[in-house]
1. Quick one: net charge of A:Q37's neighbours, Cβ under 15 Å, K/R +1, D/E -1?
2. Give the B-C buried accessible area in Å², both sides summed, 1.4 Å probe, nearest 100.
3. Farthest toward the dipole's positive end in chain B, which of B:N66, B:W404, B:T233, given Cβ charges of +1 (Lys, Arg) and -1 (Asp, Glu) about the Cα centre?
4. Figure the gain on full extension for B:N319 and B:Y141 (residue separation times 0.36 nm, minus the Cα-Cα span) and round it to one decimal in nm.
5. In whole Hz, with x marking every Gly and Pro, tabulate ³J(HN,Hα) for the stretch C:144-149 from phi via Karplus 6.51 cos²θ - 1.76 cosθ + 1.60, θ = phi - 60°.
6. Please name the residues of the stretch B:42-72 whose accessible area, counted over protein heavy atoms with a 1.4 angstrom probe, falls by no less than 20 Å² between the chain alone and the full protein assembly.
7. I want the local charge near A:G103. Using Cβ-Cβ distances under 13 Å, sum +1 for each Lys or Arg and -1 for each Asp or Glu among the other residues.
8. Could you rank B:L134, B:L328, B:L184 by how accessible they are, 1.4 Å probe, largest area first?
Amino acid sequence: MSRRWGMVIDLDRCTGCEACVVACSAENNIATAGESQAAKGRAIHWIRVERSWEGEFPNVRVRFRPVPCQQCDAAPCEPVCPTYASYHNAEGLNAQVYNRCIGTRYCANACPYTGRFFNWFQPSWDKPLQLQLNPDVSIREAGVMEKCTFCYQRALVAESQAEAEKRPLRDGEVSPACVQSCPSGAMVFGDLNDPASAVSRLAGLDRGVKLLEEVGTFPKITYLARES
Amino acid sequence: MTTRERQRLEAAPQDRDRLTRDLLRPVLHTSPRIYLTMMALGAFVLAGLVAFVYQAYWGMGVSGLNRPVFWGFYITNFVFWIGISHAGTLISAILRLANARWRRPVTRCAEAITVFALVIGASFPIIHLGRPWLFFWLIPYPSERGIWPNFRSPLLWDFCAITTYLTGSLAFLLLPIIPDWATLRDRAIGWRKKLYRVLALGWRGTPREWHRLEMAMRIMAVVIIPVAVSVHTIVSWDFAMVPVPMWHSTVFGPYFVAGAIFSGIAALIIAMALLRKILHLEEYLKPIHFDHLGKLLLVMSLLWVYFIVAERLTVWYGNATPEVAVLLATQRGKFLPLFWTMVCCNFLIPFPILAIKRLRTITGTVIASSTIVVGMWLERFLIVVPSLEFKYLPFSWGNYRPSWVEITITLATFAAMPLLYLLFVKFVPIISMWELKGGEHPEPAAAAELAPGHEASDPWEGTLPSAGS
Amino acid sequence: MNAIYGLFPDTDSARRAVKALGEVSRRLRFQPRQIVVVSQEPLDDREMGLPRQHTWMPWIAACGGIVGGTAGYALAAFTQRTYPLPTGGMPVVALWPASVVTYEFTMLGAILTTIVAFLATARLPRYGQRVYDAAVSDGMILVGVADSDVNAWRDLEETLYEQGAERVRQFSTA
């Protein structure tokens, strides 16, 4: 049975430190937009931490919700792409093939989570960030969409390593940059088709909810609702 | 064109055909003012081209688009122009099938609008692409990349529908021009004679040719109506097929089609009024034509109100959180001024003008049509943008303000339309000469099928200028 | 190819000329189908006493539509199979999206065959010399006989003038 990568994000554990956002940018060669472009809504961040307040002053509680691409099973972004740039790969991920993209931006509109990003200009990096580009991840040219890949490049490396050692992939062996960098361990990544994996166990908890479940996208990210 | 040529054409002794002479005058005579107008319009179009090249070179970032508003002016213009294109073919096909005799001077004006508006409209999806030089990846052809386009995507449906519609409306426009080109072939001299000789395809006007032409037009009229309806339905499905609040609506298909016909008739009235003035066709485009198109416009205005109420009231009662956010933003929030301007332009102003017979004059219908064109553009804008600004998760709500690039390109297309139209008028008689002449006599086939005495009570009697008067 | 024809100012005289030519055809040894009529606007064949025109164009267009629709469905189905996209377990060859494409291709097929059928059955384009007179575009109706015996031309000319022809002209290609 093929793998089906999924993630669980425990909202009780998220402290809103945004380490995941930074780690993601470093891992995935995400271009820096600069202050003025960011103010116009041109910044790219495959994962964001949504911050919201609850209650009236002084009884205010702040809430955090990290939102990457939800890697939907029934992803609205996929069927609308005229060139198959956004497609469903064999391991259930909503993949984006940059070279096929002609930039209709239809997928970005279709995504209810606003989880897709467009390259408004040729990518550039604030110095010295251009010195730490990741050779495993391609750079996206102006005019194409990009999005969270669950750091698929890491999964590919781990899979070939396991194959070379003639052993199955262990649970927890693969983790995207955001999961790896989360200091409070709020994010868990793994194979949803493996009932014994940590991510499958956690996703089955009663606290597990999907984001915008009513839209019917069947995301592969499960949020564990806050109890505290 | 030389003076000598013009004199020969206009004062030919054997030319006892005033109608032909009147209708050919705009083709064969061009005043300096028209050249100046063309140059001014051409300058705007050039500015638009420069803006497009600038955008293609630097990236879409030079537009005002952003995340989450990935579609803005360009898609608004796309929907608007495709809507305008429904003027023509749909109206003239319906009137042709209904055998409405007053259609004769109107049809070609309308069909030309269709073709040009379609060309302009269809260019917008390309203008708006992130990598416009790769637009041909939308075309299904066996490519070296070994991949076909995705026929599940409404954009591919758009591609198929617009291709079909453009082919159909081009044929619908060009087939009945052939006999008129044959007339021009006989009268023009110099390079024009050579040009029209080729364009006329060797048309003579034998009973066989006439019969096949009329049959072809009848088939085209039957085919083009469902195509036109499907085109704007599919344009609406670009929106309705994705789960975006206020886009994902079952009413969008008919709502868009009604809006398209609405704006199309308005554009037709404006074009006719301009042609009448500029080309001195007062005797052919008469107040009665504006009166009747005005009545159609009135019906469409009411239909538009019906649809917008049907759309918005159900959303309001449904009270789904994401949809209500968009609804209130349009009706009470930041889009309030635009929304109510739209309602004024599309209903509150044109309704009394078109409903009161005394006001339904040429001036009246042109005023109503002008507000409607503005209102329908706003309608398309208010469909595209607010839903994206207020899409689901409030954390990602955004703001859209068009940049100079988008505004320039938009203005350029509004200049391209009259420019293309003027060029067209200089190569083709804008009023179908042979159809107008056919209208001088009662149609024998139709007369035979109708009860005797019908001819006398025909309300259209005398609406056409008679030759030799 | 040669012809003799008269130019008639109105449909009444043209109709009389067609009738008269039909009557003299046996005597002057030509077939009624050699009678040529050219006009600047469509004439009613029945009223003119001309043979009724018949065409299969609507059926040809319908067949074109069927061919177009089949091709459209085949294209959509074929391309979806060459690149399967099993989104959320939905079918690879999706019927509803394919039906939209089928519909548009049906219409495109009908439109294209109508254009082709029109050109083919109206025998256009044809740029060679044929019986025609530029006066037709001034509103004259041309009625004449093509490829008739040259010896009968005098009689034909007389017949045409009798029915009210303004001018009678001869036409021949060398």
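1. Net of charged neighbours comes to +2.
2. Summing both chains' loss of accessible area gives about 5200 Å².
3. B:W404
4. My answer for the length gained is 59.5 nm.
5. x, 10, 9, 6, 8, 4
6. B:W58, B:M60, B:G61, B:L65, B:N66, B:R67, B:F70, B:W71
7. +3
8. B:L328, B:L134, B:L184
The values are calculated or read from the model by the stated rules, or taken from the named source; none is laboratory data. What you are looking at is a predicted structure, and each value in this text was computed from that prediction instead of being measured. Ideal geometry is used to build each Cβ from the backbone, glycine not excepted, and the neighbour counts take in all protein chains shown. To get the accessible areas, we keep the full protein, side chains included, count just its heavy atoms, and leave off ligands, DNA and RNA. Shrake-Rupley method; radii C 1.70, N 1.55, O 1.52, S 1.80 Å.
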